[in-house]
Amino acid sequence: MHFTLGELLLDLVQNAANAGAISVRVSVRERNGRFAMTVSDDGAGMPAQIVQRATDPFYTDGRAHPGREVGLGLAFLRQTAEATDGSFRLQSQPGEGTTVGLDCPANHVDLPPFGDPVGSFVAVLCTEGVGEIEIAREARERSYTVRRSELNEVLGDLSSVEARGLLCEYVRSQEEEIWRR
Amino acid sequence: MAKMTLDDLRKLRDAKRRELDMRDAENKTIQVIVGMGTSGIAAGAKDTLAAFLTELEQHGLSNVSLRQTGSLGLDHAEPTVEVRMSDMPTVIYGKVTPEIAEKIVRKHILGKTLVNDHIYDRPAADIMEGTKE
C-alpha cells in the first residue's frame, strides 16, 4: 500500500505511460469538503472483461512486467475509495483510453495524506514515454494548471537537473499560492 | 515566494544558463535513472529522486540527466537506480535510500568509485527469457 495519495497518483500515471498514452490529463481537486483525483489517458484502453478484472490485485495484463502475476495500482485506488466511503471510477475503451478516479470525503480519517504535492506533480510531469501531461489542481477555491508542453518550451529537456530544479521552484510557487493566507 | 508565471520561469532559466555556460560540460554524459514503478514508489523512490536532485544541485552537477522510469525488474531491492557515465561501468544500485543517494553522488559520480554494498544487476538474460512464456 502506498503511504500517500501523491504516490498513488504517480502509480496511476505510470500505468497510463505503460498503456502507450500520448496525452495524460490529471486532476486533483479539493472542493466542498470532497477530495477528487482523476487520471485520464488516450492509451490502449481495455475491453470490458479486462476492466472487470483490473482491480483484482492478482490480475495483470503482464505488459509492463512480463511474468509478473500481480497488478496493484488500481487495487490500491479502489481500496482507498472503499476505506473512505468514497467512490472509485474506472472507464475504459479499447483504442480510446482509460479514466480512473477517486472521489471521497476530504476529512475522512482513513484518507491517506497527499504527501508532498510539489514532488509528486514534478515526478508526474517528468514521466517518460508520454507526450503531453496536464495537471489541473484546485483547493481552497484557488486553482492552477500546468502543461508539460509549455514547460518544455521554456525549460527544454525536463530530465536535466537544472530544468528539474527550476520546475520544482515553479510548481512550488503555484502550490504556495493556493495555500497562501 | 510569489506565484511565478511562465515568463518568470523563462527569465530564471536564462539567468541559470548564463551561470552554467561557464562550467565544464563533461557531466552531460551522466545519466541517473530512478525506477518509479509501483514497488519503487512504495519503497520510497520519490524521496530518493528528491535526494538526488538536492545533492546534484548542491554539487553544481546541473547537467546530469536525472530520469525516471518504470520498474527496473528488481522489486526486492527497491528503490533501484541505474547510473550510466563514461569511465565507469553501468551499475544498478538497490535499496537506495536518500542517504545512499547522497553517497552515490559523492562516491560514484564525483569520486568515480563504486558504492559496493548496494550494487545489484539485472536478472540474468536466461531468467528474463523464461519470464516471456
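Every number here is computed from the coordinates shown, using simple stated rules; none is lab data. For clarity, every value in this text was computed on a predicted model and none was experimentally measured. Neighbour counts are summed over all protein chains in view; Cβ atoms, including those assigned to glycine, are modelled from backbone coordinates with ideal geometry.
Among all positions in the stretch A:109-116, there is no residue which is surrounded by 20 or more Cβ atoms within 10 Å (Cβ to Cβ), within 14 Å of chain B (Cβ to nearest Cβ) and over 30 Å from residue A:46 (Cα atoms).
Being within 29 Å of residue B:39 (Cβ to Cβ), surrounded by 16 or more Cβ atoms within 10 Å (Cβ to Cβ), touching a Cys at 6+ places or on another chain (Cβ under 9 Å) and away from chain B (no Cβ under 11 Å): is that true of residue A:148 here? Against the criterion (within 29 Å of residue B:39 (Cβ to Cβ), surrounded by 16 or more Cβ atoms within 10 Å (Cβ to Cβ), touching a Cys at 6+ places or on another chain (Cβ under 9 Å) and away from chain B (no Cβ under 11 Å)), residue A:148 qualifies.
On the stretch given as the stretch B:96-113, residues that are surrounded by fewer than 21 Cβ atoms within 10 Å (Cβ to Cβ), outside any helix (DSSP H, G or I) and in contact (Cβ under 8 Å) with a residue 24 or more places away in the chain total 2. Test each condition in (1) farther than 27 Å from residue B:61 by Cα; (2) buried (at least 21 other Cβ atoms within 10 Å of the Cβ) for residue A:105 and report the one that comes out false. That leaves (2) as the condition not met.
If you filter the stretch A:157-181 down to residues that are assigned to a loop (DSSP other than H, G, I, E, B) and either more than 8 Å from chain B (Cβ to nearest Cβ) or in contact (Cβ under 8 Å) with a residue 40 or more places away in the chain (or both), you find that the one that is farthest from residue A:128 (Cα to Cα) is A:181.
Scanning the stretch A:117-139 for residues that are outside any strand (DSSP E or B) and in contact with a helix residue (DSSP H, G or I) (Cβ under 6 Å, 6 or more places away or on another chain) gives A:117, A:118, A:119, A:120, A:121, A:122, A:123, A:124, A:125, A:127, A:129, A:130. Listed by first and then second residue, the pairs linking a residue in the stretch A:20-37 that is under 16 Å from residue A:85 (Cβ atoms) to a residue that is among the charged types (D, E, K, R), with Cβ atoms under 6 Å apart and 6 or more places separating them unless they lie on different chains, are A:36/A:29; A:36/A:103.
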